[in-house]
Amino acid sequence: MAQVLKPESEFLQRITLIGLVAMMAVSTDLYLPAIPQLIQSLGADVGQGQLTLSIFLLGFAVGQLFYGGISDRHGRKPVLYLGLVIYVAGTLGCIFAPDIDMLIGARFVQGVGGASAPVLARAMVSDSYDRVNAARIMASIAGAMALVPAIAPVFGSWLLYFFDWRAHFVLLLILSLLTFAGVTRLQESLVTRSPDAFRLSSIFSQFSLCLGNANFVGFTLCGGAIYAAMFCYISTSSFIIIGLLGLPAEYFGYTFMVVVFGYIAGAMASSRLVGRLGVIRVLTLGQLVGLLAASLFLMLAIFEVNQLIPILIAFFMIFMAGGLSLAVSQMGAIAELPKAAGKASSVFGFMQIAFASLVGFVVGQFYDETLMPTAVGVMLAIAISATGYVIIRRAHDPDDELKTPQI
């Protein structure tokens, strides 16, 4: 198999993969503290300010439909270059946007371009390793990557002391250019190219190919819905922490950091455990943690326990469940279709982001200055994830994975 990482520059290559996987998170989390200022500066309302987040996710979801299939024909690196160029163009549009409508449009372009990064990073790892080892590598990358969104809101708050909201997009521009430079050091990982992948009919047929595989559907529901539970917090966190609990805005980033450390802990545990226990048993652990966390947060909402520490504990656990589940779900789904890894990565990414953006948008629309809308959204997402888990367990014996040879 082709190897993504070169021994003489493995650290640089791993940092590049982390940058690619983190592109969506940093593009959303960095500017969260600046949204109120952005709204005031452009004369927009709260709904339009929130739309700059959801429209980015929409572009991100749509973009993922195409990059994987195209890369199955033309290779991972050329298509990744194209996506990063589109992202840079969208980021420049954000920096110079004269009004909220232009900013929303630029955010959509930014999302379409940024979608290439995690799709092709996952495909490159899947090209090079078997399912267990790919899951281990992606989990380790996810754990390191999670430091980025943990720090991003804090750094975003600091930027507001010296600059306005546009500085956040200037920083995104710099980071994207550095990532582009890092991609030049990656080796092409695709060995066998599909001659039909670039046809439009082939791009849309990836849904029937992937969704016709029950195990792929199970892994996608399991991982995608866990991410949706996490996004329920992301989409309402500023309202809960600042509005409902009355915490000063300058401390918001630190509370977000605490929650994201739950994801880091889960991802690190997943990376260590998957080689010994297998994908299914790690998913089982993630499901148990997620159900416990969702139940705790629902109790807080029912009894109106509007206190910072219990809320942070509940979401720390929800993010931990995401860290345990997301990487292994991604690699499990892609491994079901090894001859179409790019398409599988695209469909998984689309389903994950589209579902999360939909749930997050609905929870945001029903937000009523209580914890209940977020709690209901989280519990619904965990229930859907559990449905995917049941599908997976009906087809997989956890003991079989322990016999998978390690490389």
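The values are calculated or read from the model by the stated rules, or taken from the named source; none is laboratory data. Predicted model only: the values in this text are computed from it and were never measured. Please note: Cβ atoms are built from the backbone with ideal geometry, for glycine as well, and neighbour counts cover all protein chains shown.
Taking the criterion of being without any contact (Cβ under 8 Å) to a residue 40 or more places away in the chain and assigned to a helix (DSSP H, G or I), the residues of segment 303-335 that qualify are ILE309, PRO310, ILE313, ALA314.
Okay, residues lined up against (1) modelled with pLDDT under 85; (2) buried (at least 24 other Cβ atoms within 10 Å of the Cβ); (3) on the phi < 0 side of the Ramachandran plot:
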position	(1), (2), (3)
LEU32	yes, no, yes
LEU38	no, no, yes
SER41	no, no, yes
ASP45	yes, no, yes
GLN48	yes, no, yes
LEU51	yes, no, yes
GLN64	yes, yes, yes
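From the list ASP99, ASP72, the one residue that fits, being of a type in the set (Asp, Glu) and under 16 Å from TRP165 (Cβ atoms), is ASP99.
Determine, yes or no, whether VAL305 is at pLDDT 85 or above, touching a Ser or Thr at 6+ places or on another chain (Cβ under 6 Å) and farther than 26 Å from LEU358 by Cβ.
Numbers: at pLDDT 85 or above: yes; touching a Ser or Thr at 6+ places or on another chain (Cβ under 6 Å): no; farther than 26 Å from LEU358 by Cβ: yes.
So VAL305 does not fit the description; no.
Taking the listed residues GLY286, GLY253, GLY246, GLY262, the one that is closer than 24 Å to MET24 by Cα and surrounded by fewer than 24 Cβ atoms within 10 Å (Cβ to Cβ) is GLY253, with no other qualifying. Summed over segment 289-304, the residues that are exposed (fewer than 15 other Cβ atoms within 10 Å of the Cβ) and of a type in the set (Val, Ile, Thr) give a count of 1.
So, GLN13, is that one surrounded by fewer than 23 Cβ atoms within 10 Å (Cβ to Cβ), polar (S, T, N, Q) and more than 23 Å from the chain's Cα centre (by Cα) or not? Reasoning before the result, please.
On the way: surrounded by fewer than 23 Cβ atoms within 10 Å (Cβ to Cβ): yes; polar (S, T, N, Q): yes; more than 23 Å from the chain's Cα centre (by Cα): no.
Spelling it out, it is not the case that GLN13 is surrounded by fewer than 23 Cβ atoms within 10 Å (Cβ to Cβ), polar (S, T, N, Q) and more than 23 Å from the chain's Cα centre (by Cα).
Answer with yes or no whether GLY360 is buried (at least 22 other Cβ atoms within 10 Å of the Cβ), modelled with pLDDT of 90 or more and of a type outside the set (Val, Ile, Thr). Break it down stepwise before answering.
Values: buried (at least 22 other Cβ atoms within 10 Å of the Cβ): yes; modelled with pLDDT of 90 or more: no; of a type outside the set (Val, Ile, Thr): yes.
The answer is no for GLY360.
Are any residues in segment 285-324 among the polar types (S, T, N, Q) and closer than 21 Å to GLY275 by Cα, and if so, which ones? Listed by number, the list holds a single entry, GLN287.
Given the options ALA249, ALA225, name the one that is aliphatic (A, V, I, L, M) and modelled with pLDDT of 85 or more. Outline the logic, then answer.
On the way: ALA249 fails: modelled with pLDDT of 85 or more.
Exactly one of ALA249, ALA225 is aliphatic (A, V, I, L, M) and modelled with pLDDT of 85 or more, namely ALA225.
Out of all the residues in segment 361-379, which are polar (S, T, N, Q), closer than 15 Å to LEU244 by Cβ and either assigned to a loop (DSSP other than H, G, I, E, B) or without any contact (Cβ under 8 Å) to a residue 60 or more places away in the chain (or both)? Within segment 361-379, THR370 is the sole residue that qualifies.
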